[in-house]
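S.K.: This is the structure I want to talk about, given as structure tokens.
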Amino acid sequence: MNERIITGHTGLTGLLGSPVAHSISPAMHNESFRALGLDYVYLAFDVGTEGLPAAVEGLRALKVRGFNVTMPDKNLVCSLCDKLSPASQIIGAANTVINDDGILTGTTTDGTGYMQAARDAGHDLIGKKMTLLGAGGAATAILAQAAMDGVAEISVFNVRDNFFPRAERIVDQLNQRTKCKVSLYDFEDDSILRREIGESYILTNGTSVGMAPKTDACIIRDPSFFHKDLVVSDVIYNPEETKLLRMAREYGCQTFNGLYMLLYQGAESFRLWTGKEMPVDLIKAKYFTR
């Protein structure tokens, strides 16, 4: 067994958010550092928005290599960075910060993680049409990355809540900055939802509807919205199969959940910090067995 020895050269990475004690990120990153012989550690810090500015400046001063950011800190951290990636500029959120000699760059790897999870499940989304449900943090990260990667058309559905005006701004920016045709619709209009799903290669639930403990909830009420050639995905991974995915599978659709999105967003953060590829097969086998 390899014993981890902390030295004066050991680099620090970590996670900021609240709560964070449940996170699998420390396990997957520390196992990856160990496997590759990299002298880093990854720790979780329970920090909400009130303490975030001081925490970020402290990490900058301590010369940490980088850190992840989860809720409720993903939006505020953007104002604390010196630079933002194109995706983070568009959506106004970051889940990964890289520290290059005191210069903090914020980016989002959630969308990258989703696109890789789709490829991992055997689905090439480039040049095809997606219907995306939701306009919150996870959904907009997927939206921006999918549009930038080359998905041809994305129809976004959201209720007219506080996220709707923000979604309108994001959709406008993506239509200006990418070749993807992005449209935003009111989720309450069933006829448009049915039409857009009918024209889509993939339907993606980017909301928390159906997440444990409310596993009886389903964002699509009628399986007749599906078609046999539709791929249905969910960002949720607890439960492993949401009611949406179960309905879709029983209808004959191919499905995948959000488990590997979690893996691959972490793998992209790991690459940005270390320049090395996370040993994803090892991490899958140890922490993501289905």
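The values are calculated or read from the model by the stated rules, or taken from the named source; none is laboratory data. The shown structure was predicted, so the numbers you read here are calculated from the model rather than taken from an experiment. Please note: Cβ atoms are built from the backbone with ideal geometry, for glycine as well, and neighbour counts cover all protein chains shown. Note: accessible area is taken over every heavy atom of the protein model, side chains too, but ligands, DNA and RNA are not part of it. Shrake-Rupley method; radii C 1.70, N 1.55, O 1.52, S 1.80 Å.
S.K.: Of all the accessible heavy-atom surface of the chain, with the other protein chains kept in place and a 1.4 Å probe, what percent is carbon and sulfur? Write down the numbers at each step before the final one.
M.R.: Numbers: 6790 of 13220 Å².
For the chain, the apolar C and S fraction of the accessible surface comes to 51 percent.
S.K.: Just the projected area, averaged over all directions, of the convex hull on the alpha carbon atoms of the stretch 58-154: how many nm²? Spell out each step's value before the answer.
M.R.: Working: hull surface 25.9 nm².
One quarter of the hull surface, i.e. the mean projection, equals 6.5 nm².
S.K.: Below 8 Å between Cα atoms, with a sequence gap of 6+, how large is the relative contact order for the stretch 84-146 in percent?
M.R.: On the way: 69 pairs, mean separation 22.4, N = 63.
36 percent.
S.K.: Could you tell me which residue out of Leu184, Asn158, Phe288 lies farthest along the dipole of the stretch 147-290 toward its positive end? Charges go on the beta carbon: Lys and Arg +1, Asp and Glu -1, centred on the Cα centre.
M.R.: Looking along the dipole axis, the top candidate is Phe288.
S.K.: Any chance you could check the Cα centroid distance between the stretch 2-24 and the stretch 122-145 for me, in angstrom?
M.R.: 31 Å
S.K.: Here is a follow-up. Using only DSSP helix segments of four residues or longer, with each worth -39500 (n - 2.57), what per-residue ellipticity at 222 nm results for the chain after dividing by its residue count and rounding to 500?
M.R.: On the way: 11 runs with 114 residues, N = 290.
The helix contribution divided over the chain gives -11500 deg cm²/dmol.
S.K.: Given springs between every Cα pair under 10 Å in a Gaussian network model of the chain, which of Thr107, Thr140, Thr49 has the largest fluctuation?
M.R.: Thr49
S.K.: If you don't mind, another one. Give, rounded to the nearest 20 debye, the magnitude of the charge dipole that the chain has about its Cα centre when Lys and Arg contribute +1 at Cβ and Asp and Glu contribute -1 at Cβ. Provide the component values of the computation, followed by the final result.
M.R.: Details: 29 positive and 34 negative charges, 71 e Å.
Charge dipole of the chain: 340 debye, to the nearest 20.
S.K.: Would you mind working out the accessible area per residue for the chain, using a 1.4 Å probe, and quoting it in Å²?
M.R.: Details: 13220 Å² over 290 residues.
In whole numbers, the chain has 46 Å² accessible per residue.
S.K.: Can I get the semi-axes of the chain's equivalent ellipsoid? Compute them from the C-alpha gyration tensor as square roots of 5 times the eigenvalues, in angstrom, largest first.
M.R.: Values: eigenvalues 221, 93, 54 Å².
Whole-Å semi-axes of the equivalent ellipsoid: 33, 22, 16.
S.K.: Given +1 on the Cβ of Lys and Arg, -1 on the Cβ of Asp and Glu, and no further charges, what dipole in debye does the stretch 1-150 carry about its Cα centre, rounded to the nearest 20? The partial results should precede the final answer.
M.R.: Details: 10 positive and 14 negative charges, 49 e Å.
Value, rounded to 20: 240 debye.
S.K.: So which lysines can Lys276 reach, going by Cα to Cα under 26 Å and dropping same-chain residues fewer than 8 places off?
M.R.: Lys63, Lys74, Lys83, Lys284, Lys286
S.K.: By per-residue mean of other Cβ atoms within 10 Å, what is the highest-first order of 9-18, 202-211, 122-131, 83-92? Please list the in-between numbers first.
M.R.: Working: 9-18: 18.6, 202-211: 23.3, 122-131: 16.5, 83-92: 20.4.
Highest-to-lowest ranking by the protection proxy: 202-211, 83-92, 9-18, 122-131.
S.K.: Moving to a separate point now. Report the antiparallel proportion of the DSSP beta bridges in the chain as a percent, rounded to a multiple of 5. Spell out each step's value before the answer.
M.R.: On the way: 8 of 43 bridges.
The answer is about 20 percent antiparallel.
S.K.: Would you mind working out the magnitude of the charge dipole of the stretch 170-290 relative to its Cα centre, with +1 at each Lys and Arg C-beta and -1 at each Asp and Glu C-beta, to the nearest 20 Debye?
M.R.: Magnitude of the dipole: close to 460 debye.
S.K.: Right, another one. With the alpha-carbon atoms as the only input, what is the per residue convex hull volume for the stretch 164-290 in Å³?
M.R.: Looking at the stretch 164-290, the number lands at 157 Å³ per residue.
S.K.: Between Met261, Pro53, Ile236, whose Cα lies farthest towards the positive end of the dipole of the chain when Lys and Arg beta carbons carry +1 and Asp and Glu beta carbons carry -1, centred on the Cα centre?
M.R.: Checking the options against the dipole of the chain, the answer is Met261.
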